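Notes to accompany the following structure.
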There are 10 protein chains.
Amino acid sequence: MLFMVEMDVNIPLDFDAAEAARIKAAEKAYFQTLQAAGTWRHIWRKVGLYSNVSIFDVESNAALHDTLMALPLYPFMTMKITPLCRHPSSIHEDDR
Amino acid sequence: MLFMVEMDVNIPLDFDAAEAARIKAAEKAYFQTLQAAGTWRHIWRKVGLYSNVSIFDVESNAALHDTLMALPLYPFMTMKITPLCRHPSSIHEDDR
Amino acid sequence: MLFMVEMDVNIPLDFDAAEAARIKAAEKAYFQTLQAAGTWRHIWRKVGLYSNVSIFDVESNAALHDTLMALPLYPFMTMKITPLCRHPSSIHEDDR
Amino acid sequence: MLFMVEMDVNIPLDFDAAEAARIKAAEKAYFQTLQAAGTWRHIWRKVGLYSNVSIFDVESNAALHDTLMALPLYPFMTMKITPLCRHPSSIHEDDR
Amino acid sequence: MLFMVEMDVNIPLDFDAAEAARIKAAEKAYFQTLQAAGTWRHIWRKVGLYSNVSIFDVESNAALHDTLMALPLYPFMTMKITPLCRHPSSIHEDDR
Amino acid sequence: MLFMVEMDVNIPLDFDAAEAARIKAAEKAYFQTLQAAGTWRHIWRKVGLYSNVSIFDVESNAALHDTLMALPLYPFMTMKITPLCRHPSSIHEDDR
Amino acid sequence: MLFMVEMDVNIPLDFDAAEAARIKAAEKAYFQTLQAAGTWRHIWRKVGLYSNVSIFDVESNAALHDTLMALPLYPFMTMKITPLCRHPSSIHEDDR
Amino acid sequence: MLFMVEMDVNIPLDFDAAEAARIKAAEKAYFQTLQAAGTWRHIWRKVGLYSNVSIFDVESNAALHDTLMALPLYPFMTMKITPLCRHPSSIHEDDR
Amino acid sequence: MLFMVEMDVNIPLDFDAAEAARIKAAEKAYFQTLQAAGTWRHIWRKVGLYSNVSIFDVESNAALHDTLMALPLYPFMTMKITPLCRHPSSIHEDDR
Amino acid sequence: MLFMVEMDVNIPLDFDAAEAARIKAAEKAYFQTLQAAGTWRHIWRKVGLYSNVSIFDVESNAALHDTLMALPLYPFMTMKITPLCRHPSSIHEDDR
């Protein structure tokens, strides 16, 4: 089941740089695990912004919630969630 | 080069039904040609809405403009365009 | 799986009254079938508005989309969809 | 008498963690007392957000105000209040 | 129990003038009955606008809904509803 | 001459509690003087919010400005001002 | 007593041209009478828009309401009203 | 050439009071020089707000920019700029 | 003196096609005259939209107003006007 | 390929002045390099604001993203990105 998740990241100007680097590294590792598993199906940068648009493939609303809440950068993020479904005109079986 | 395009469709209540069906059929055929060519890379319905979120892969801004302007349903659509680029953490080479 | 759906109804002032009555009757019948089946789990009027807030219990995003698109009043509605999940503090097992 | 209350929680990044844990525990206890009494009739998490949708069943506007103002997390919350009433098409007597 | 109701009236330019006059007269009569009964406790014009701000005193959310839905001008109105309660600092017993 | 004034109060989480209590007490005293004088004609709490809707009866725009600027809580408030006048359908002479 | 009034004019594309011309001529005559009397103290066009920003000098809120409601173009206008008062730093006595 | 400039002032609660007083005094002196010169043609307080509406008369866009940037309170202000021109119906030659 | 003008064009679905073509041809001719004269200094399409962003170089606010009001497509346009000036860091003398 | 980029700069009131001056000097040098290279094709100040409108000419979305992310003032900026293309009516070959 697919969801579009739009994430804006905002780290305060005076936040400790070493701690920020540590959190970003943890975020990257967590992201890559989810991407390899197919849960985090797509990710793109929004040009010029510290933001991304992502497509998640999850079992349920609850699974999406738990996945997002575990993001190391979650406390610095604003989230917008849009539930998606397959488009009836699509010629791709997998483009759910 | 990738762009997210969010399309909302709004056909007036009193629009001729046969003409609407003809335009939708033309839209579907045009869409499937672009999807087969890889230009219209992804499409998903927004749940509960007559709207979609799409990812286009085009050569240039001008190519995107010309592609969208040729949509048979264009006069009934509201568009939001967001330029995208590859996310640096992605493990997929092709997820531009 | 639960979703909050907020529906605003807007029937044009000059819409045929008999046709409107027919559509509302079809809407009521369809609604009551879904309510009896447990799909349309809750519905409340927003006070002073021709709007409701509803809780749907469905198998998937796609099931919600198909259910909403089949509403007889759908062409007269504006929809807002919010995916929900069980709250961790809840003492009720069923309040998913 | 029913009200929808949407609550967004925002605890500052630099707020003392032990104090936050204490307040959240107090919130949970207060919530469960109200839920057991039937005052806090429903609660759901909004997926991906530190937010909930709740349905309150109270005697009066004043009772709702006093109940909400006593929430331990109130100073960290943004609230949106929507008065509700029974939908005339509902087949459930109790779904006020 | 008190509610603030803000009403904006918008009658289309091409609406039949005699019919509009008839509806406004019915609105005025209905309003004065409610005002005399104490249900429509206050009404003020917003300066320069075809809008009012009103205070209703009703038994319940449902009573307010039924009262508003019966307004002859309701199909031409946009409504905003705000539940109110007595202010703790007020020196007037009756300013509920 | 009547004005609706909507006031939202926002005292920072880390503001000194004793100082806040002192300011609130000054606010209450100032409010009650104005209420007794008839200048602050009505006040109601917005349910669930640290906000009120008030009706002021003043000689002029300047008198309203001076009255509001002297509120002890003014630096913590967001204000919205709406000029009002008597509604032509009102049966009360005094409901200006 | 001064008020800023911002007026946006929107005459439908298919409105009768002769009737529009007649209404605009009546508007101009009414405006010039008020301007000569000092009631309509200032008027400026907003560049590129069919809109103006005006300063009215009136006895009361009610006088402003009656003046605006009598505008021949009123049914085609959207209004925004802002009450003003003299700035304490002004060196001009008359710039109320 | 005329411009409407709307200025909202927001000095943080914990800003040094003596420094604020010094800046406000400098602002007042600068304002009065510009008012005497005819550059700051009008100024009015928005009732109940720490905001003003002003009309500037300048040679060019660049002259307006330089004038505003030199305001001692500029770092505490939010600005909205609207270019104006003479209204064709005005009977005053000077009300540019 | 430079201004950014953002224009959105919206021709109703049922507007006469031949008349629309005539107006667009007149718009193009008028535009090219202004472009050749240097008044309409730049124009770009916003990708995917029937909108443009333009830079005008005019003598005064009034000259810009008169130029825009004379656009054949003006009655179908929504306009946003932003006054500009030369950036102090620019290395180009002419990039006013 | 052209993009409009609107940049709003907001440096906190209590940010170190020497550090701010250092960052602004780095920004100016970086800007002028890009301007000389033709990448930063145009820049204008928005009158009265610490904001600019810029036109970038880049090879791709990714090139724009990398260019903007390298701005020394980026952490203090809010960005809005609008993809552009040549207008079909333009008489200038180069006004892409």
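Read-outs: derived from the displayed coordinates by stated rules, not from any lab. These numbers come from a predicted model, not from an experiment. Please note: Cβ atoms are built from the backbone with ideal geometry, for glycine as well, and neighbour counts cover all protein chains shown.
Using helices alone, what [θ] at 222 nm do you get for chain B, with -39,500 (n - 2.57) per DSSP H run of 4 or more residues, divided over all residues and rounded to the nearest 500? Could the numbers behind the result be given before it?
Working: 2 runs with 30 residues, N = 96.
That comes out to -10000 deg cm²/dmol.
Semi-axis lengths, largest first, of the ellipsoid equivalent to the protein assembly as shown are 40, 40, 34 Å, with √(5λ) applied to each eigenvalue of the Cα gyration tensor. Near B:Leu71, once Lys and Arg are set to +1 and Asp and Glu to -1 for all other residues with Cβ below 12 Å from its Cβ, the sum equals 0. Residue order for E:Thr82, C:Thr33, fewest other beta carbons within 10 angstrom first, comes to C:Thr33, E:Thr82. Would you look at the GNM of chain E, springs on alpha carbons closer than 10 Å, and say which of E:Asp14, E:Asp57, E:Asp66 moves the most? Judging by the Gaussian network model, the answer is E:Asp14.
If I fit a long axis through the Cα atoms of helix J:17-37 and take the longest principal axis of the Cα atoms of chain J, what angle between them do I get, 0 to 90°, rounded to 10? So the helix axis and the longest Cα principal axis differ by about 20 degrees. Ratio of Rg to Rh for segment H:44-96: 1.02 [Cα atoms; Kirkwood radius as inverse mean 1/r over pairs]. Rounded to whole Å, the principal axis extents of the Cα atoms in chain C read 49, 26, 20, largest first. If R0 is taken as 56 Å, the Cβ-Cβ distance between A:His92 and I:Ala29 corresponds to a FRET efficiency of 0.75. Summary of the geometry: segment E:65-96 and segment C:32-60, compared by the centres of their Cα atoms, lie 26 Å apart. Note on chain I: with a GNM built from Cα contacts shorter than 10 Å, the maximum mean-square fluctuation among I:Pro12, I:Pro75, I:Pro83 falls on I:Pro12.
Ordered by the number of other Cβ atoms lying within 10 Å of each residue's own Cβ, fewest first, B:Lys46, G:Lys80 fall into the sequence G:Lys80, B:Lys46.
Restricting to Cα pairs below 8 Å that are 6+ residues apart, what does the relative contact order work out to for segment C:2-83? Please round to a whole percent. That works out to 51 percent. When chain D is treated as a Gaussian network with alpha carbon springs shorter than 10 Å, the biggest mean-square fluctuation among D:Ala62, D:Ala26, D:Ala70 belongs to D:Ala62. Magnitude of the charge dipole for the protein assembly as shown, about its Cα centre and with charges confined to Cβ atoms of Lys, Arg (+1) and Asp, Glu (-1), is about 0 debye.
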